[in-house]
């Protein structure tokens, strides 16, 4: 077990096992063969061929395409193919910040292999002995990954907010971090991965933030998503990431990136250093 | 012009235009079709097919293979196909730190498309107004990239030294940085790229270091490789990287990575942010 295993567990998807989903002039999703068969029941919306799926060409703009997909996804949900329906619209775009081409119910993103964006923030304290990180334990009643360890604050990106606004919102909701402290969060990069699970494919991108916190600040869960926060020495967090799978799959790479940027991994001593750095970005997909 | 153009100019090579070079049980180089034709003159060493090149299978160990390649490379050099013969051995390995499979004259690496490693270090000063970087101007008489701008210290990785030892050595030689200051250099990642030039292909990897310097320290060129050092505000360096090609091709990505890690690029304002982060690593080649 080691850092590379954590990155591989997060980046375990392979688009070659999926059918590209095209519409509105571009490829915007990846669908497994089993799910492609389910989509054959909706020929007014999906044209399913052996090697690709196309939206009906009549669905040529944002409103028409979004409206046509909605009853299909609701039907799939009622049949039990989409867990955790959230009633939350997700804007589908090729790149972050670009105009969306359509919107779908958020829970359908993995089913259709649609890229989504979010941020992960590591709160840390520079103690004289060593750097310490505030690690969250996810609520044991959360539907997704209950009880797993998590970065201090994280959240999917909702329509209509900037990244900085979403960071401030989630900092307040998940950890009671005041706005003036959240405003000092530093954007330090973006990681991409392609994760496969029972829900489908997540070819996602995460914006990473560092937030140095004063010694006397203690984050407090406020929306029930987090069970507790613990301030851990970096060496302890590193051992948990390296030797266990206690962290949620996409939190480990964010921490590994943190270890790299803060010089906590030594390229003279870590034989996988180059492979670790290179594997924190997936190659762009067509 | 922008950051992505700088990364593309560094990462302008495409191994699909090259023949894979195999030997000692693995692919270890990439050779252009024109150079593959030249290698046909040495059938005792190279077996050149339409789609790949193999070392003669009799060259089955480090010493035999290295000894067989040497006269071929000297001959190519005498014919003018290898510029800047350095009389410096380069250990060929699949990954940094692994046992080398053979060694070659360093100047032959791009000709044969052999991966090489090095480090780039950015020296910086935290001034109250903003972060400043020490930028080097390369000697106008250096054979490679004369007069271009460069990171504070950089160097290829020689056989027999650790990265930390090489950082200390080059810090002293190129910038008169004392050993105790060089020892505070922080390893902050590794970037990979695939660069094509008249010399051949460089599918290389660079280890990146940050070195925070005291306000009153001034680096001084000591081995003639650097013309001068200038302390520049980060905003000025950013504008030079973004809007000009004054930096040597592989220094711009190291600076862009620095800008990202230090929060100098804002993902809410930089529309290419995600693409920039993703393109600082090339996908692994087979």
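For the range B:73-110: of the residues being assigned to a helix (DSSP H, G or I) and touching a strand residue (DSSP E or B) at 6+ places or on another chain (Cβ under 7 Å), which is farthest from the other protein chains (Cβ to nearest Cβ)?
The first filter runs over the range B:73-110 and keeps only residues assigned to a helix (DSSP H, G or I), leaving B:73-78, B:106-110.
Still in the list and also touching a strand residue (DSSP E or B) at 6+ places or on another chain (Cβ under 7 Å): B:73, B:106, B:109-110.
On the way: B:73: 26, B:106: 20, B:109: 17, B:110: 20 Å.
The qualifying residue farthest from the other protein chains (Cβ to nearest Cβ) is B:73.
Scanning the range B:184-219 for residues that are within 14 Å of another protein chain (Cβ to nearest Cβ), more than 14 Å from residue B:119 (Cβ to Cβ) and over 18 Å from the mean Cα position of the chain (by Cα) gives B:184, B:212.
Name the pairs: first residue in the range A:210-239 and at positive phi, second residue assigned to a loop (DSSP other than H, G, I, E, B), Cβ to Cβ under 7 Å, at least 6 apart or on different chains? Once the first residue is at positive phi and sits in the range A:210-239, its partners that are assigned to a loop (DSSP other than H, G, I, E, B) give A:224/A:139. If only residues of the range A:250-286 that are over 16 Å from residue B:261 (Cα atoms), more than 7 Å from every other protein chain (Cβ to nearest Cβ) and touching a strand residue (DSSP E or B) at 6+ places or on another chain (Cβ under 6 Å) are counted, the one that is surrounded by the fewest Cβ atoms within 10 Å (Cβ to Cβ) is A:282. When restricted to residues that are out of contact with any strand residue (DSSP E or B) (no Cβ under 8 Å at 6 or more places or on another chain) and either surrounded by 14 or more Cβ atoms within 10 Å (Cβ to Cβ) or closer than 10 Å to residue A:193 by Cα (or both), the range A:6-19 contains 3. No other residue among B:123, B:147, B:113 is under 21 Å from residue B:264 (Cα atoms), in contact with a strand residue (DSSP E or B) (Cβ under 7 Å, 6 or more places away or on another chain) and more than 13 Å from chain A (Cβ to nearest Cβ) apart from B:123.
Residues that are within 30 Å of residue A:18 (Cβ to Cβ) and at pLDDT below 95 occur in the range A:256-273; there is at least one.
Yes/no matrix, rows are residues, columns are (1) over 27 Å from residue B:14 (Cα atoms); (2) surrounded by fewer than 18 Cβ atoms within 10 Å (Cβ to Cβ):
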site	(1), (2)
B:98	no, yes
B:101	no, no
B:104	no, no
B:112	no, no
B:117	no, no
B:122	yes, no
B:131	yes, no
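The values are calculated or read from the model by the stated rules, or taken from the named source; none is laboratory data. Note that the structure is predicted; figures quoted are calculated from it, not measured. Positions of Cβ are backbone-derived with ideal geometry, glycine not excepted, and every protein chain shown enters the neighbour counts.
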